[in-house]
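What follows is one structure encoded as structure tokens, with my remarks underneath.
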Amino acid sequence: MVRFQSVSLRYGNRPQVLRDVTFHLETGSFHFLVGPSGAGKTSLLRLMFLARRPTRGAITMFGRDLSKTPRHELPALRRRIGIVFQDFRLLDHLTVVDNIALPLRIAGIRDGVVREHVTELLTWVGLTHHADSKPTILSDGEKQRVAIARAVIARPSLLLADEPTGNLDPDLGLRLTQLFAELNKIGTTVVMATHNESLAVRFPFATLQIAEGQVTQGGRRVAPLI
Amino acid sequence: MAVRWSLPLSGDSTDLFLPWIIGLMVFMAALALAFALGLGGAIARWSESHGSALTIELPAASVAEDGRVVAVHAVLDDIPGIAGAITLGRNEALKLLQPWLGEGFDGGGLPLPVLIDVQLEPGKTLDLEALRTSLSAAVPDARVESREGWLAPLIATADTIRTLAYAVVALIGLAAVATVVFTTSTSLAAHQDAIELLHLTGAYDGFIAQQFQRQALIHGLLGGLTGLALAGGSYVLVARVAARMAAPLLPRLSLDPLGLAILASLPLAAAGLATIVARLTVLRALSRLP
């Protein structure tokens, strides 16, 4: 599903934020990406959701070598990835329904199908009563559920969540993580970044530890080199 | 529907700013273009009248004019390159004076010179000095007036002014392009987060650009129609004032149907230009994203 091989990343002339990162995520796996703030979790996720290209190294996603994938083919790959941002990134001028429907509308899905999927997702995240509300009147927990619904509505193969529980109370954080676990059960590969290791240990999932720009697992470096 | 919804462009500060700027530019461009097109018509009319290249003037005199006119025609008949010569009657000569002396002027007892309008064969040039020599031998007081002498510099000057007017239109077009680039870039910066969200959600560059170009199209049409309406009003006002002025020396800057059609298409041109520039600006900005 996702393979990083000797990947490095730096922003401009600044020091490297990721150094020689190598790992492989199997299809259908669930990984917590843990590490202190500033360790490089968001940078690693940005590489995975194709917001940046690495400074060095090779990334393979969905069997495609990204360095050899032309730019105009990347949107099709991005449509296979769902992203949940820490700051939700909801569009305040759109209703909850329209925010959730965004990936399908971008993909050019017809309105009838979009409505059907949105209704299903609204029920799943328990926000049917807020269908026509604007995000500005929602609580953080409700916003995060809208963001999750938007991330999964197009049935992505890979779900990436960047500190999705960072703005939520522990109970809500736990319930949201359980939502991700449900998605994983139906075959979605999940990577969830969190600095809350106590949350991660409550689930039987693998952990990617990131520190000083390098990725390890359980204290061991994750380096399943080809 | 999706295109309309994705970015909140209609709430932008540029939403109010751009239509008025485009309106002002179309207003100025329409006036400059109307002037250039009108001047072009005047130049064409002058050039057309230039076809009868010269006039022979016989001063009003006590001697029998018929004899002088016949003598002039006899000289002209022997000169190659002359297509024909017409002697203007008194009424036609009076008509030539009307722009300066008024419509009702009947000449009274004023002695008028005899004018002979000489038509040249197309493409032929005449040796004026040889003509003058031949004429002065036959009719000593005959005076040859070539229109080329005063009309050519006038046409050249008018042509230069017309070129300048077109240059002004082109400069206004460039300023409009710069304005659309600036406002689109401002809008791109204002909606950076939303654009990145669309990009990461799998939107193609064209999908995002389409929203900006649609907005630019609306702004261009709104501004263009407003500017054209203002220019039309100004044109009518100036035409009314000019009609009340007795200014026969000023060229008549009327517009033919083609000129009017060109002016009427300015809002479409402005909208088209704004749309294309907005699209290219957005595509260029998005190309920097991975």
Any idea of the total accessible area buried by the B-A contact, 1.4 Å probe, rounded to 100 Å²?
2100 Å²
In terms of Cα to Cα distance under 20 Å, which aspartates and glutamates are near enough to A:LYS68, apart from those fewer than 8 places away along the same chain?
A:ASP20, B:ASP205
Which residues does a label at B:ALA158 reach in segment B:30-44, if reach means a backbone N under 15 Å from a point 7 Å past the Cα toward the Cβ?
B:35-44
Note every residue of segment A:94-127 with a reduction of at least 50 square angstrom in accessible area, all protein chains present versus the isolated chain, computed with a 1.4 Å probe, or write none.
A:ARG105, A:ILE106
Whole-angstrom gap from segment A:9-73 to segment A:118-138, using each part's C-alpha centre
32 Å
Compute the projected area of the convex hull of the Cα atoms of segment B:51-146, averaged over all viewing directions, and report it in nm² to one decimal place.
6.4 nm²
Per the helix-only model, chain B has a calculated mean residue ellipticity at 222 nm (DSSP H runs of ≥4, -39500 (n - 2.57) each, divided over all residues, rounded to the nearest 500) of -23500 deg cm²/dmol
Name the residues of segment A:70-93 whose accessible area falls by at least 40 Å² when all protein chains are present instead of the chain alone, probe 1.4 Å?
A:ARG71, A:PRO75, A:ARG78, A:ARG79, A:ARG89, A:LEU91, A:HIS93
Using a 1.4 angstrom probe and counting only protein chains, how large is the accessible area of A:ARG155 in Å², to 10?
130 Å²
Max mean-square fluctuation residue, GNM over chain B, Cα-Cα springs under 10 Å, options B:ILE161, B:ILE86, B:ILE116:
B:ILE86
Just the number, please: carbon plus sulfur as a percent of the accessible area of segment B:51-146, 1.4 Å probe, no ligands or DNA/RNA counted.
57 percent
Looking at chain B as a GNM with Cα springs under 10 Å, which of B:GLN119, B:GLN213, B:GLN192 has the largest mean-square fluctuation?
B:GLN192
Tell me which lysines have Cα within less than 27 Å of A:LYS143's Cα, excluding those fewer than 8 residues away on the same chain?
A:LYS41, A:LYS134, A:LYS185
Over segment A:86-201, what percent of the accessible surface lies on carbon and sulfur atoms, probe 1.4 Å?
49 percent
Determine the per residue accessible area of segment B:180-290 with all protein chains present and a 1.4 angstrom probe, expressed in square angstrom.
53 Å²
To the nearest 0.05, how large is the calculated FRET efficiency for B:GLN119 and B:LEU258 if R₀ is 25 Å and r is the Cβ-Cβ distance?
0.30
Under 20 Å from a point 7 Å along the Cα-to-Cβ line of B:GLN192: which residues of segment A:69-98 have their amide N that close?
A:85-93
Protein-protein interface of segment B:258-290, residues with accessible area decrease of at least 50 Å², isolated chain reference, 1.4 Å probe
B:PRO290
Here, A:THR55 and B:ALA74, labelled 7 Å along Cα→Cβ, have an inter-label distance in nm of 10.4 nm
Under a Gaussian network model of chain A whose springs join Cα atoms within less than 10 Å, the largest fluctuation of A:HIS130, A:HIS93, A:HIS195 belongs to A:HIS93
List the residues of segment A:31-46 whose backbone N lies under 13 Å from a point placed 7 Å from the Cα of A:ARG14 along the Cα-to-Cβ direction.
A:38-44
Would you mind getting the accessible area per residue of segment B:77-120, heavy atoms of the protein chains only, 1.4 Å probe, in Å²?
62 Å²
For B:ALA85, residues with placed amide H under 5 Å, excluding near neighbours
B:GLN119
Name the residues whose placed amide hydrogens come within less than 5 Å of the amide hydrogen of A:LEU33, ignoring near sequence neighbours (fewer than 5 apart) on the same chain.
A:MET192, A:ALA193, A:THR194, A:LEU208
Computed FRET efficiency, Cβ-Cβ of A:ARG202 and A:GLU120, R0 30 Å: what is it to the nearest 0.05?
0.60
Spatial extent of the protein assembly as shown: Rg and Dmax, with the Cα atoms as the point set, Å:
39.7, 128
Report the extension gain between B:TRP100 and B:GLU145 in nm, rounded to one decimal, defined as 0.36 nm multiplied by the number of residues separating them, less their alpha carbon distance.
14.3 nm
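The values are calculated or read from the model by the stated rules, or taken from the named source; none is laboratory data. A quick note: this is a predicted structure, and the numbers were derived from the prediction, not measured. No Cβ is skipped: glycine too gets one built from the backbone with ideal geometry, and neighbour counts run over all protein chains shown. Ligands, DNA and RNA are excluded from the accessible area calculation, which covers all protein heavy atoms including side chains. Shrake-Rupley method; radii C 1.70, N 1.55, O 1.52, S 1.80 Å.
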